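Written below as structure tokens is the structure these notes are about.
Throughout, read-outs are computed from the coordinates displayed, never taken from laboratory work. Model, not experiment: these values are computed from the prediction. Here the Cβ positions follow ideal geometry from the backbone for every residue, glycine too, while neighbour counts run over all protein chains shown.
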């Protein structure tokens, strides 16, 4: 094998095991973190129920997917869950509007401090947690169907003649595509529409927004709807890409918060950048670089170990470390959001 | 032209002991009215009472002869009272143009015509239209803040210390603009720390002490009054 081919193999290896998975995972985190940041920007509290809201929406989507599958309806090469997605989104919008009406509105009328909202959201989190486990159970569920690969490793190897293969799964391509589309639409909405601008104004300076005649109830309602849509998208894409398990979805709250705070809480752009940074840090820190060393180092120099910084079991530690470092060093985050 | 906005014999505060005692403030269309007085005299409180931001235990507030005492601040804004708070009076993360658009939120149209008129008065609005309002200088921010309040075409404009923290040169410039605003027929009512300069441009001045009216006269008469000069204008 020539040196050039070795470098190519190393590049493909990194693309296959780091770049593509991290891009997909980063897109899922970005969608979730934007939801957290939107709620923070408008309602001024960190919503601990976001992970479980995501689990609820994904659960509804899975039920609906099963129904479609048993009725013999599919989306061809794409996962059937895409057809079920609108139902999951509508159900979740109804859920968050109801929790707002019966939980958060009460504290809003009383002008409670943010910590009260946070504790209330922990309560909502536990309720949803229980509800989802009651309805679908705590087990791991796979609901991906349709064509598995856009490019499979075998095809790639055959057409390029390289030893390493690059595979792109349909769900990964779908995740990245949907995330780009959703974020583009969100930014168009926030930057160009009257309602979007009024939300930014409300987030920027609530008192002045009220003096301008902006209706706070409407702004809050739209924020919940957007957060629900983003949460279900993130949840369904994550579930398609990996699998659905209520406990994992609850755990995703940590990288969401890490991403939102790293980017600057209240700043949608920051949440997206933060999502990708957290994902790339997690994937690069838990990847075993042994094979990469085989390609790049002279044969005698390759160490015996796996060359893995951190076991994948500890991947949530990455989010924790990022969170702690940001809060210590730059609490406003990259894009100068608010300080929690 | 008669009295447009008036608070008569207002008594009230923020829940504790009353800050305003039997305080009367009136503002006439096309005139500049200034509230001055020492620190803690209740100047800003009197203005906030007119906007409905505190509960009055006695007295009444009228806009163009109608009692508006039961309306919320938002409803009073919709009725034609523009208010520029002393601090945090712009949307710092939004562009100058977006700030103006938010000021036009209650309008049926998008306010493009008003923006054209306001640009005549505040050229900075056009020059910096696409810049983040938070990146502007203190004087420019105040102009954006005043323009934002004018977008709704109010009949009364309330300014809470519009020249706080700006240099004397900028202060003179701001006062010039405020005179122009009053010339369009709007009743301008402002609270000012820079009492002497403010009274110079004022048609009418209210000197408050301890939440009560101490002196009320034309700006020139107050400036000429030896007692007012000695007690409140530093000689």
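Given R₀ = 35 Å, what would the calculated FRET efficiency be for residue A:194 paired with residue B:183, taking r from the Cβ atoms and rounding to 0.05?
The value I calculate is 0.65.
Just want to confirm a number: the relative contact order over chain A, from Cα pairs under 8 angstrom separated by 6+ residues, in percent.
For chain A, the relative contact order is 31 percent.
Would you mind giving the mean number of other chain beta-carbons within 10 Å of the Cβ of each residue in B:66-74, as a whole number?
Per-residue shielding by partner chains comes out at 1.
So for B:204, B:66, fewest C-beta neighbours within 10 Å to most, what's the order?
So the residues, fewest neighbours to most, are B:66, B:204.
How do A:224, A:301, A:66 rank when sorted from fewest to most other Cβ atoms within 10 Å of their own Cβ?
Lowest count first: A:301, A:66, A:224.
From the helices alone, meaning DSSP H stretches of at least four residues, give me the mean residue ellipticity at 222 nm for the protein assembly as shown, per-run term -39500 (n - 2.57), in deg cm²/dmol to the nearest 500.
One gets -17500 deg cm²/dmol as the mean residue ellipticity at 222 nm.
May I ask for the equivalent-ellipsoid semi-axes of the range A:257-312, computed as the square root of five times each C-alpha gyration tensor eigenvalue and listed largest first in whole Å?
34, 10, 6
What share of the DSSP beta bridges in the protein assembly as shown is antiparallel, in percent to the nearest 5?
60
From Cα coordinates alone, what are the radius of gyration and Dmax values for the protein assembly as shown in angstrom?
When restricted to the Cα atoms of the protein assembly as shown, Rg and Dmax are 30.4, 100 Å.
Taking neighbour counts of Cβ atoms within 10 Å as a proxy for exposure, in what order, fewest first, do B:48, B:183, A:315, B:43 appear?
Least crowded to most crowded, the residues run B:183, A:315, B:48, B:43.
Angle check, please: helix A:268-286 long axis (alpha carbons) against the longest principal axis of chain A (alpha carbons), in degrees 0 to 90, nearest 10.
Once rounded, the angle reads 30 degrees.
Partner chain Cβ atoms within 10 Å, averaged over the residues of A:187-197 - can you pull that number for me?
That works out to 1 on average.
Express in % the proportion of alpha carbon pairs of the range A:3-329 at distances exceeding 24 Å.
58
Which whole-number value in Å³ per residue fits the convex hull of the alpha carbons of chain B?
Measuring per residue, one finds 118 Å³ for the Cα hull of chain B.
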